[in-house]
Amino acid sequence: MSDAVVQIERIRCIMQEEVPADEVVLRQGGIQIWPDCFQGTSLSDGTEAVVARVVPFGDSPEAVITLIEQDNPGVDDILGTVVIHESEAGAGLRTADITTPGSKYRLTYRVGRVQF
């Protein structure tokens, strides 16, 4: 089991998918990791949300984070995924873009190691 973790600092909406705003959540392995409530966080062009979530890598050298736009009622839209590598540990603050033809988001994160 890896001692690496990713700390997701924030997510920024550069271009929203739906009008008036996207209702977004972050998932890892199909499990919602942000926000704490079931309902997504509303983001539109130029807005940002603090995530402040620490996610373990577990048994994998990669953490796969998926951005979902919730549609109630209806089927949720997958806006994309970002693969964060354990080898990024100690590299400081990093960003990754999550894009589809109709949306663009920027995830800010850092990778570290948990030591007891």
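The values are calculated or read from the model by the stated rules, or taken from the named source; none is laboratory data. Predicted model only: the values in this text are computed from it and were never measured. Cβ placement follows ideal geometry from the backbone for every residue including glycine, while neighbour counts extend to all protein chains displayed. All accessible areas refer to the heavy atoms of the entire protein, side chains included, with ligands and DNA or RNA removed. Shrake-Rupley method; radii C 1.70, N 1.55, O 1.52, S 1.80 Å.
If we scan the range 89-99, do we find a residue that is of a type outside the set (G, A, S) and closer than 21 Å to S2 by Cα? Checking the range 89-99: at least one residue is of a type outside the set (G, A, S) and closer than 21 Å to S2 by Cα.
If you go through the range 67-104, how many residues are part of a strand (DSSP E or B), under 20 Å from I31 (Cα atoms) and open to solvent by less than 30 Å² (accessible area, probe 1.4 Å)?
Filtering the range 67-104 down to residues part of a strand (DSSP E or B) leaves 67-69, 77-85, 94-100, 103-104.
After this cut, where a residue has to be under 20 Å from I31 (Cα atoms) as well, the list is 67-69, 77-85, 98.
If we keep only those that are open to solvent by less than 30 Å² (accessible area, probe 1.4 Å) as well, we get 67-69, 79-80, 82, 84, 98.
Here the count works out to 8.
Within the range 53-66, the set of residues being open to solvent by less than 30 Å² (accessible area, probe 1.4 Å) and more than 19 Å from C13 (Cβ to Cβ) comprises V55, F57, G58, A63.
Determine which member of the set T81, T108, T100, T95 is under 29 Å from E23 (Cβ atoms) and more than 14 Å from the chain's Cα centre (by Cα). Please lay out each step first, then the result.
Numbers: T81 fails: more than 14 Å from the chain's Cα centre (by Cα); T108 fails: more than 14 Å from the chain's Cα centre (by Cα); T95 fails: more than 14 Å from the chain's Cα centre (by Cα).
None of the others qualify; the one that does is T100.
Looking at E62, E48, E86, just one residue is in contact (Cβ under 8 Å) with a residue 24 or more places away in the chain and closer than 17 Å to E17 by Cβ, and that residue is E48. The residues of the range 62-93 that are touching a strand residue (DSSP E or B) at 6+ places or on another chain (Cβ under 6 Å) and not aliphatic (A, V, I, L, M), listed by number, are E62, T66, E69, Q70, D76, D77, G80, T81, H85, E86, E88.
Looking at the range 4-42, which of the residues that are open to solvent by less than 50 Å² (accessible area, probe 1.4 Å) and free of Cβ contacts under 8 Å to residues at least 40 places away in the same chain is nearest to G80 (Cα to Cα)? Step by step, filter the range 4-42, then rank; the result is Q28.
Only one entry of V83, V24, V54, V111 meets the criterion of being at pLDDT 95 or above and in contact with a helix residue (DSSP H, G or I) (Cβ under 6 Å, 6 or more places away or on another chain), and that entry is V111.
In the range 96-115, the residues that are within 17 Å of P56 (Cα to Cα) reach residues that are open to solvent by less than 20 Å² (accessible area, probe 1.4 Å) and part of a strand (DSSP E or B) with C-beta atoms within less than 6 angstrom, at least six apart or across chains, in these pairs: L107/I11; L107/V82; L107/A96; Y109/V6; Y109/I8; V111/V6; R113/A4.
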